[in-house]
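Undergrad: Sharing a structure with you now.
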Amino acid sequence: LDDPDVHMCRAFKLLFTPEQFKMNRWSEMMIHEWCTRNFITVLGAGATGKSNTFGFLALMDFITDPRDTIIILVSTTRQMLEVRSYEAVMRGFNYLQQRGDFGIVLNRQRMAILNKDDEGLASTEVKAAIRGVAVKQGSVEESRNNLIGAHLPYVRLILDEMQSCRPSAVDARFNLALGARNFKLVGMGNPDSQFDLLCQYSKPKDPAGWSSVGPNSERWDSEYGVTLHLDGHQSPAVTEEDGAEKYPFLVKQRDIDEALRQARGNPDAPSYWQMIRGWPAPQGLKNTVLTESAVRKYRIQDQVTWLGQYTTYAALDPSFTSGGDNCVLQVFRVGTFDSGLTGLYFEPPVYIPIEASSELPVQYQIAEKVEQYGYQYGFMPDRLVVDETGTQRV
């Protein structure tokens, strides 16, 4: 039997002309992962066809079963949605309208594509749709509420510019996946740091982590699913004969040459890494206390061997506010390493669950859990610091 992605590629060729959607090696890679995996992240240079391919894939999934499918396209702002994945959906929709009746209609006011049966319903009654959501407009709680609550057999969450999205956009998957027959999450973007949201969910599953892959790596299993890396140097418009003419929409050699010129001939410029290599630059593009290169050089993520005794401390961020932030306990130890240097070692953060059904007030629930972890990790109240800003309570 042919693999599902082979059937999907056939469907593309039946429904769209080569001018409307031109297949290439990268688009076939993305189609394969969409058809076979449920958690996909894509690190890529600019002009690699990420938004276009997944926008068309969203449309293909929706017309397959428009009454039982909800597809949420997420980006930072409405303006960015209109030029990224949602723009591809709109373009594909217009192509399909020329070919026949697929039982779907466009609602510009809602920024959504619906099935015809739901056209007259109020927005609160419509579940099956392809709709765009901007997650940086409004509060964190509003962004989260705009994403959750759509429970249908087929659910897709597509995050464009994932490196700049709020973490709540990814956390929405827990709610959206409830009761679904099949749920998919796709996150894509131009990474600016190994610590941004896109790279957090693209970290290799290999115990060696990021050191197991490099800017020439094209695919690996992540801790959550699978990750693709689209390097501009390997663009089909660069590597194939007459590629620039065949794929004018992909990053080309002249784009690479111009980016290098703008970087004053420096191929290690952070902007060149992000927009041409599609890889987090060693020094990163964000202002951070520690850069990725410092983390690697000083083996900051390695395990620690202690020389003698150490002292254990902890810091608590209650964060039980209306925004729904996590309640986090961070345990850390201070002592002398086997190198003779005095330093800090941070244990993995502990997320304390708030039980809504409990008769205990939230403060008491947190206090009891912190006491338990205090005995477990070995810190006493005189070595615990608590954030009491805002509505939080010591």
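The values are calculated or read from the model by the stated rules, or taken from the named source; none is laboratory data. Just so it is clear, the structure is predicted and the values come from calculations on it, not from any experiment. Backbone-built Cβ (ideal geometry, glycine too); neighbour counts: all protein chains shown. With ligands, DNA and RNA removed, areas are computed over all heavy atoms of the protein, side chains included. Shrake-Rupley method; radii C 1.70, N 1.55, O 1.52, S 1.80 Å.
Undergrad: Farther than 23 Å from Ala177 by Cα, of a type in the set (A, V, I, L, M) and crowded, with 23+ Cβ neighbours inside 10 Å: which single residue out of Ala122, Ala58, Ala45 fits that description?
TA: Just one listed residue meets the conditions, Ala45.
Undergrad: Here's another thing I want to ask about it. Output the number of residues of region 53-84 satisfying the condition of being at pLDDT 90 or above, hydroxyl-bearing (Ser, Thr, Tyr) and outside any helix (DSSP H, G or I).
TA: The qualifying residues number 2.
Undergrad: State the number of residues belonging to region 244-259 that are over 18 Å from Lys50 (Cβ atoms) and either in contact with a Pro (Cβ under 9 Å, 6 or more places away or on another chain) or at pLDDT below 95 (or both).
TA: Total satisfying the criteria: 1.
Undergrad: Looking only at region 92-109, decide whether some residue is under 25 Å from Tyr224 (Cα atoms) and open to solvent by 10 Å² or more (accessible area, probe 1.4 Å).
TA: No, because not a single residue in region 92-109 is under 25 Å from Tyr224 (Cα atoms) and open to solvent by 10 Å² or more (accessible area, probe 1.4 Å).
Undergrad: May I ask you to verify whether Thr41 is β-branched (Val, Ile, Thr), outside any helix (DSSP H, G or I) and farther than 23 Å from Trp220 by Cβ?
TA: Against the criterion (β-branched (Val, Ile, Thr), outside any helix (DSSP H, G or I) and farther than 23 Å from Trp220 by Cβ), Thr41 does not qualify.
Undergrad: Return the residue satisfying two criteria in turn: it lies in region 1-38 and is polar (S, T, N, Q) and assigned to a loop (DSSP other than H, G, I, E, B), and of such residues it is surrounded by the fewest Cβ atoms within 10 Å (Cβ to Cβ).
TA: Per the criteria, the residue is Thr17.
Undergrad: Continuing with the same structure: Being buried (at least 22 other Cβ atoms within 10 Å of the Cβ) and either over 8 Å from the mean Cα position of the chain (by Cα) or closer than 13 Å to Leu147 by Cβ (or both) is the filter here, so list the residues in region 177-188 that pass it.
TA: Across region 177-188, the qualifying residues are Lys184, Leu185.
Undergrad: Could you name every one of the strands (runs of 3 or more DSSP E) located completely within region 299-358 that has at least 3 residues being open to solvent by less than 80 Å² (accessible area, probe 1.4 Å) and either farther than 18 Å from Pro167 by Cβ or of a type in the set (S, T, N, Q) (or both)?
TA: Passing ranges, in order: 306-317, 327-337.
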